[in-house]
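**Q** The structure under discussion is supplied below as structure tokens; questions concerning it will follow.
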Amino acid sequence: MTQHWDVIIIGAGTVGLPAAVFASGRCDNVLLLDAAPEIGGTLHLSGGQMSAAGTRLQKERGIKDSAALHFEDVIRISKNTVDRDLVRLAIDNAAATLDWLETIGFQPLPAHPVKGQDHEPYSVQRYVWGKDMGKSILAVLKPQLEKVTEQERVTLKLNTRVSRLIQDDDGTVSGVVASTENGPEQNFSARSVVIAAGGFAANPAMYQDLSKQPAYADYSYPFCIGDGLTLGLDAGGVSRGHENVLTSFGSVMQSYDIPSKVRCDLNHWPERRLPWEIYVNAHGKRFIREDEPSVDVREHCLQGQPDARYWAVFDAVTLKEAPSLLAGHTAGEIKAAAVNNEPMFYTADTITELAEKAGLPSGALMDTVAAFNDGQAKSTDSFGRSHMPRPINQGPFYSVRAQGISVSGAVGLMVNQDLQIIRNDGSPVPGLYAAGEALGSGATMGSSVCGGMLVTPALTFGRMLGQHILPLD
């Protein structure tokens, strides 16, 4: 039996929740589907970082900002690799999104907005998040959805996975085929369908195929397995963003498995902890000045190293005297992990033995350490490093292996200014829309990480779809 709806939204997360809430204000026949057993999607794991210019919060705190300046910052940070039209659409409407979230109870951290944290900073304080990160956003969206479901304006079906879209002879998308686990397939027809089903970072095979590198980290929302991308491509859409793949500047993994869980992060931000160690690649050679102030430069430099991987190398004195290299780990814990041969931790009495244990070429590593020590003694580093408090010369010696990882996919579906999925010739697939990570992180962040430019566009586009883009009136 086919059930008829004004709009079907695939994915009850960052896009789907505001899309459903606002669509319900224009019609009373919205179907919201999600393969997961609960709403929220990636908001359960996301940092929930948002950026918007001209917000009420900024005005209250005397911060002068504009959408034009926000756009300039994103173009600068991304090196003009974003979809300019989509970014402009997102930024021009971002302040209204953040203001709305505050009216329904969202509370930014007391010191916010800020220029940046973890990512390349903005020129103006416009960056905000809540104390519970992505869950702070979910906490205020959930009551909004509950209200409209209680009013029977939105029907929510969880544990329901869409297997394919229904298309008419002319290519118009007119519904979906979906089922619960082990249940029969059901047809649901609609005037419009929105793909808000997230990305593919939890699908190692798809991630490898689209990103041309392994999914090193088991770190993503488990239902981000690429269904939205597959549905859109099968309907005639095209993908883009393959050139924008980027990883972080390194985490310590729990095991040598691929993918692996993350054990902890390195304190590689010089503004928080100046480096005492050197970083070497798989060839046993340094590849960057360890006190490079730009996280964007560090991340892009890592992309040129084998397997997006490096080893931090240091000695016993550094371990004892320096601030901790690893977040949440004391010097004693780092030493114990290395002595016990735990994955990613190595120690030895000589540099040669350390190289052998870490899987690095011993001759190259010896030359690298010697060259660094020589530069440190002369206060002149070949990479231009400024902070060199001491040489690496007192055994036992240590190394910790760090791995660049991604928590989202750069590749996604192409859409036009109305968020309609488009074909190779630029024509829209009638009745089919997409937003959020289904567009790929590269659409709104390009080849860099632009703070807040994943979560905010997703919320904004979801709100706009429900409020006025979808043909519901």
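The values are calculated or read from the model by the stated rules, or taken from the named source; none is laboratory data. In this text the structure is predicted, and so the values were computed from the model without any measurement. Every residue, glycine as well, gets a Cβ built from its backbone with ideal geometry; the counts of neighbours run over all protein chains shown.
**Q** For the stretch 28-120, please list each of the helices (runs of 4 or more DSSP H) lying entirely inside it that holds at least 1 residues being under 28 Å from Ser248 (Cα atoms) and either in contact with a His (Cβ under 9 Å, 6 or more places away or on another chain) or in the same structural domain as Val415 (by TED's automatic domain parsing) (or both).
**A** Result: 67-78, 84-103.
**Q** Continuing with this model, one more query. How many residues are within 35 Å of the chain's Cα centre (by Cα) and polar (S, T, N, Q) when one looks only at the stretch 324-373?
**A** 6
**Q** Also, quick follow-up: Arg191 passes all but one of (1) in a strand (DSSP E or B); (2) surrounded by fewer than 15 Cβ atoms within 10 Å (Cβ to Cβ); (3) charged (D, E, K, R); which number fails?
**A** (2)
**Q** Ok, one more. So Tyr346 fits all but one of (1) more than 30 Å from Asn244 (Cα to Cα); (2) in a loop (DSSP other than H, G, I, E, B); (3) touching a residue at least 12 places away in the same chain (Cβ under 8 Å); what number is the exception?
**A** Here Tyr346 clears every test but (2).
**Q** Give the residue, chosen from Glu292, Glu299, Glu333, Glu353, that is assigned by TED's automatic domain parsing to the domain that holds His268, among the acidic types (Asp, Glu) and assigned to a loop (DSSP other than H, G, I, E, B).
**A** After ruling out the rest, the residue left standing is Glu292.
**Q** Further question on the same structure: For the stretch 202-219, what are the residues that are touching a Pro at 6+ places or on another chain (Cβ under 9 Å) and of a type outside the set (A, V, I, L, M, F, W, C)?
**A** Pro204, Tyr207, Gln208, Pro214, Tyr216, Asp218, Tyr219
**Q** Right, next: Just give me the residues in the stretch 357-368 being of a type outside the set (Lys, Arg) and surrounded by 15 or more Cβ atoms within 10 Å (Cβ to Cβ), in sequence order.
**A** Ala358, Leu360, Pro361, Ser362, Ala364, Leu365, Met366, Thr368
**Q** Right, something else. Would you mind finding the one in Val297, Val317, Val339 that is β-branched (Val, Ile, Thr) and touching a residue at least 60 places away in the same chain (Cβ under 8 Å)?
**A** Unique residue meeting the criteria: Val317.
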